[in-house]
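A short write-up of the structure that comes next.
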Amino acid sequence: MLTSIVGINWGDEGKGRMVDLLSEQQDIVCRYQGGNNAGHTVVNERGKFILNLLPSGILRPDVVNVMGNGMVIDIEHLCGEIGRLRAGGIEITPDNLKISDRAIICMPYNVAQDCLEEERLADAKYGSTRRGIAPIYGDKYMKKGIRMGDLKQPDALKKSLENILDWKNLTIQKVYGAEPFTYEKMLEWLQTYGGQLMDYICDVGEYLEAAIKDGKRVMFEAQLGALRDIDFGIYPYTSSSSTIAAYAPIGAGVPGHRLDRVIGIMKAYSTCVGEGPFTAEMFGDEAEELRKAGGEYGAATGRPRRVGGFDVVASRYGVRVQGATEIAVTKLDVLSYLDKIPVVVAYEVDGKRIDSFPMGRELTDAKPIVEYVDGWGVDITGCRKFEELPENAQKYVKYLEKVVEAPVSYVSVGAERDQIIVM
Ligand code: GDP
Ligand code: MG
């Protein structure tokens with residue numbers, strides 16, 4: 001059984017929380033794209049954990065976690081993350097963590113390049129998290145990447161580091177006028193952090209293939225949402241990787257397999273970190289209230305998130321590109337403070353109403369057409385059955401189901417593991 005958990009919106013939908021919940025029924029949890037540029041927050045009985053690189057299944061003792069070839073891994077960050085989790089009492093061994101030998105290492109010069117470029121762009125910046133993700137994916141496709149498995153082949157590693165660094169320093173020095181990176185420093189960095197990860201690096205595709213044959217239940221968890229996908233998202237304000245479900249088997253290492261279930265995580269309202277078109281955006285007090293109610297500050301960076309009402313146009317599109325077979329609506333409890341809940345039901349572009357998600361200039365210029373639905377005005381964090389929800393909350397969920405054209409199978413009413421309604 002292959003299940004994918006993906007974001008329907010701009011990210012931060014609560015994927016980490018849903019993976020934490022659903023990983024109970026899984027044997028293996030895989031990350032298949034991205035790096036440490038976003039964060040999952042998982043709250044469980046052992047505490048509150050922020051995961052940037054490690055799959056969420058790491059918090060469950062009997063789940064095996066895979067970091068797939070589609071990822072870009074800052075090994076210094078990974079060592080730090082492993083250390084923080086261990087300090088919190090989480091056991092991490094080569095038995096419960098496997099890192100693909102084909103995953104790309106995100107290097108310190110990629111981080112530097114990311115910062116230099118954002119500074120060069122100044123006001124036109126992309127809103128990068130400055131973790132080196134765009135530059136390292138660029139390097140990957142330029143075929144100038146160092147892979148995790150290279151760490152185990154020291155002679156070849158030294159040779160390719162030399163070649164790549166010569167090439168990279170042209171950009172760092174000649175384009176940006178910054179200090180070049182020395183070979184000795186980079187090799188030392190690779191040895192220091194790579195050395196700690198050696199036992200975890202393997203051909204995860206082979207491992208997964210055997211596990212699937214054996215009937216194991218495998219879950220793929222995405223970081224970021226549909227609208228940050230490099231192909232289908234709000235390009236160029238996207239991530240640099242494929243965040244969609246269809247890429248999950250490829251990025252995890254089992255490209256020949258099909259997904260059985262795609263669970264789309266969809267927030268009951270909208271949030272967006274960083275730059276880019278965000279049609280549903282609210283401003284002023286209205287925004288501040290929603291941001292406070294939802295605790296909308298980035299897990300990786302602490303940045304306040306942009307917020308808005310539920311966006312029918314963007315969410316329906318997100319459901320479609322993800323191929324979601326079912327939906328988990330999250331953070332419904334956050335809306336309890338509102339008498340009237342704003343919903344973006346369509347966009348207006350050049351004076352015309354549109355219902356399909358536009359691209360480019362039309363998206364930038366789109367204006368929201370907002371309608372209001374009745375709120376419920378009472379705390380719902382204690383509800384565990386759909387029937388226990390106030391009538392207007394039930395109506396809101398049914399409304400979301402109808403407009404995005406996919407069945408809702410979970411409703412999340414709080415961050416705790418048990419604050420969930422299973423439909
Ligand atoms: P992810 O990137 O999609 O995993 O989401 P984040 O972890 O960045 O953001 C989701 C935040 O909302 C986290 O702080 C969660 O603990 C919290 N959260 C998740 N589901 C719910 C919910 O149903 N209600 C409330 N109030 N908070 C939630
Ligand atoms: Mg997040």
- Query: Of (1) assigned to a helix (DSSP H, G or I); (2) touching a helix residue (DSSP H, G or I) at 6+ places or on another chain (Cβ under 7 Å), residue 178 satisfies all except one. Which?
  - Reply: (1)
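Take segment 381-423 and flag every residue that is of a type in the set (A, V, I, L, M, F, W, C) and part of a loop (DSSP other than H, G, I, E, B).
At the first step, the residues of segment 381-423 found to be of a type in the set (A, V, I, L, M, F, W, C) are 383, 386, 389, 393, 397, 400, 403-404, 406, 408, 411, 413, 415, 420-423.
Residues satisfying the conditions are 383, 389, 406, 413, 415, 423.
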- If you check 147, 131, which single one turns out to be within 30 Å of residue 28 (Cβ to Cβ), at pLDDT below 95 and not assigned by TED's automatic domain parsing to the domain that holds residue 273? 131
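Conditions (1) surrounded by 13 or more Cβ atoms within 10 Å (Cβ to Cβ); (2) among the small types (Gly, Ala, Ser); (3) touching a residue at least 12 places away in the same chain (Cβ under 8 Å), marked per residue:
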| site | (1), (2), (3) |
| --- | --- |
| 343 | yes, no, yes |
| 354 | yes, no, yes |
| 358 | yes, no, no |
| 366 | yes, yes, yes |
| 376 | yes, no, yes |
- Message: Exactly one condition in (1) within 13 Å of ligand 1 (Cβ to nearest atom); (2) crowded, with 23+ Cβ neighbours inside 10 Å; (3) under 17 Å from residue 217 (Cβ atoms) is false for residue 22; which is it?
- Response: (2)
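Listed here are the residues, each with its yes/no results for (1) at pLDDT below 95; (2) assigned by TED's automatic domain parsing to the domain that holds residue 417; (3) touching a Lys or Arg at 6+ places or on another chain (Cβ under 7 Å).
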{"residue": "22", "(1), (2), (3)": "yes, no, no"}
{"residue": "25", "(1), (2), (3)": "yes, no, yes"}
{"residue": "32", "(1), (2), (3)": "no, no, no"}
{"residue": "38", "(1), (2), (3)": "yes, no, no"}
{"residue": "45", "(1), (2), (3)": "yes, no, no"}
{"residue": "48", "(1), (2), (3)": "yes, no, no"}
{"residue": "54", "(1), (2), (3)": "no, no, no"}
{"residue": "57", "(1), (2), (3)": "yes, no, no"}
{"residue": "68", "(1), (2), (3)": "no, no, yes"}
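For the condition closer than 26 Å to residue 325 by Cα, within 13 Å of ligand 1 (Cβ to nearest atom) and touching a residue at least 12 places away in the same chain (Cβ under 8 Å), what is the one hit in 8, 58, 28, 50?
Result of the check over 8, 58, 28, 50: 8.
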- Query: assigned to a helix (DSSP H, G or I) and more than 16 Å from ligand 1 (Cβ to nearest atom): does that describe residue 287?
  - Reply: yes
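The values are calculated or read from the model by the stated rules, or taken from the named source; none is laboratory data. None of these values were measured; they are calculated from a predicted model. No Cβ is skipped: glycine too gets one built from the backbone with ideal geometry, and neighbour counts run over all protein chains shown.
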